[in-house]
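> Quick one: the structure is below, questions incoming.
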Amino acid sequence: MTDQALKTTPLNAAHRRLGARMVGFSGYDMPVQYEGVLAEHRWTREHVGLFDVSHMGQCKITGADATAQFQRFVPGDYEILKAGKQKYTLLLNKDGGIIDDLMAGRPDHDGLFVVVNAGNKDEDFAFWNANLEGDAKLTVLDRALIAIQGPEAAELMSAHEPVLAEMGFMETARLMLFGVDAYISRSGYTGEDGYEISVPADQAERIWNTLLEDARVKPIGLGARDSLRLESGLPLHGHDIDAATTPVEGALTFALSKSRKERADFNGADIILKQLAEGPSRVRVGLQVKEGAPAREGAEIADADGNIIGKVTSGGPSPSLGKNIAMGFVPPAFAELGTELKVLVRGKPAAAEVIAMPFVAQRYYRKPKA
């Protein structure tokens with residue numbers, strides 16, 4: 001894709017002024033790094049990383065039938081989702097395959113606010129437009145999306161709006177922030193505490209620059225975003241999961257609500273329930289590559305005897321652990337923690353071991369139970 005064909009986010013000029021190295025990603029001209037992936041990764045783990053995720057798709061599904069219609073295609077129970085809460089869920093096809101993974105919540109009383117992946121948003125929006133029935137209505141939003149991630153994020157953001165310190169993980173709100181109408185959730189895709197803030201596109205650069213005035217904040221590119229989410233064991237759609245992957249295969253069964261499994265009233269429910277009962281043919285696992293170079297996407301996974309049993313879907317060095325880690329798919333018989341396997345890196349077998357995910361402990365802020 002040529003530079004001329006790439007779309008831009010409202011923060012494109014800001015990235016270029018900061019000297020970002022820009023690359024094409026999901027059809028957008030995006031910053032892959034500023035001062036370097038390793039430094040940006042570590043800064044986010046220790047302080048606050050500021051991410052432009054405006055390439056993601058944002059929409060609202062409204063109307064009296066909004067929730068019932070939305071639930072036809074996801075396995076989470078949104079009928080019981082209270083205002084001020086959001087959930088991670090999966091948009092499924094009729095075979096139980098994951099069309100996309102997404103966040104959907106109730107920041108206000110006007111239906112569901114949904115954020116989907118950049119590379120899938122056109123397909124997702126077309127899917128809903130073709131399949132929503134009754135008075136459920138899809139409205140695509142033209143807004144910027146900024147993620148503030150890291151252990152100092154709450155202290156930083158509460159200085160701008162004190163109520164944000166009171167939010168817990170996966171809570172969401174619509175409020176005036178930085179003088180604009182904002183949708184905000186305490187969430188993110190780095191494994192760190194933090195927030196995602198949706199703001200009007202024409203105000204994004206002002207807010208971005210305001211946040212960067214704080215010495216605790218640095219801009220972070222897609223390179224570190226990828227290494228952070230890998231350490232946190234979070235799948236990347238189009239790589240670790242796709243439309244041919246079910247939630248059971250993708251090790252995402254936490255997204256299947258008990259009530260929905262009992263009712264079996266969502267796309268692909270029969271296939272997913274059968275896999276839950278009988279087991280899938282493959283499952284996503286975490287790996288430590290114990291020797292040699294990192295195992296990257298596409299590297300083959302072999303059993304101890306050298307028989308090819310699967311493939312790596314994401315992999316690289318872990319800046320936090322100083323080890324090479326990866327995710328990939330293997331048959332369930334080889335998925336037990338501690339199983340010794342091999343990965344073929346540049347055609348040479350290297351020792352690997354199935355280990356638990358997340359590789360690095362997630363540090364989301366969860367409110368103490370009353």
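> Could you please find all residues in the range 300-320 being within 30 Å of residue 44 (Cβ to Cβ) and part of a loop (DSSP other than H, G, I, E, B)?
Across the range 300-320, the qualifying residues are 319, 320.
> Any residue at all in the range 154-177 that's closer than 18 Å to residue 34 by Cβ and in contact with a strand residue (DSSP E or B) (Cβ under 8 Å, 6 or more places away or on another chain)?
no
> Let me ask you something else. If I ask for residues that are part of a strand (DSSP E or B) and within 20 Å of residue 190 (Cβ to Cβ), which ones from the range 283-299 would you list?
Those that are part of a strand (DSSP E or B) and within 20 Å of residue 190 (Cβ to Cβ): 284, 286.
> Pick out, from the range 203-281, the helices (runs of 4 or more DSSP H) lying fully within it that include 3 or more residues that are in contact with a strand residue (DSSP E or B) (Cβ under 8 Å, 6 or more places away or on another chain), touching a residue at least 24 places away in the same chain (Cβ under 8 Å) and not assigned by TED's automatic domain parsing to the domain that holds residue 327.
Because the criterion is at least 3 residues that are in contact with a strand residue (DSSP E or B) (Cβ under 8 Å, 6 or more places away or on another chain), touching a residue at least 24 places away in the same chain (Cβ under 8 Å) and not assigned by TED's automatic domain parsing to the domain that holds residue 327, the helices (runs of 4 or more DSSP H) in the range 203-281 that meet it are 204-212, 222-231.
> Would you pick out the residues in the range 296-319 that are within 15 Å of residue 229 (Cβ to Cβ) and either charged (D, E, K, R) or open to solvent by less than 60 Å² (accessible area, probe 1.4 Å) (or both)?
Selection gives 297, 313, 314, 315, 316, 318, 319.
> Based on this model, can you work out whether residue 200 counts as of a type outside the set (Val, Ile, Thr), closer than 26 Å to residue 31 by Cα and in contact with a Phe, Trp or Tyr (Cβ under 6 Å, 6 or more places away or on another chain)?
So residue 200 fails the test.
The values are calculated or read from the model by the stated rules, or taken from the named source; none is laboratory data. No experiment lies behind these values; they were computed from the predicted model shown. For neighbour counting, all protein chains shown are included, and Cβ atoms are generated from backbone atoms with ideal geometry for every residue, glycine included. Just so you know, the surface numbers come from the protein's heavy atoms only, side chains and all, with ligands and any DNA or RNA stripped out. Shrake-Rupley method; radii C 1.70, N 1.55, O 1.52, S 1.80 Å.
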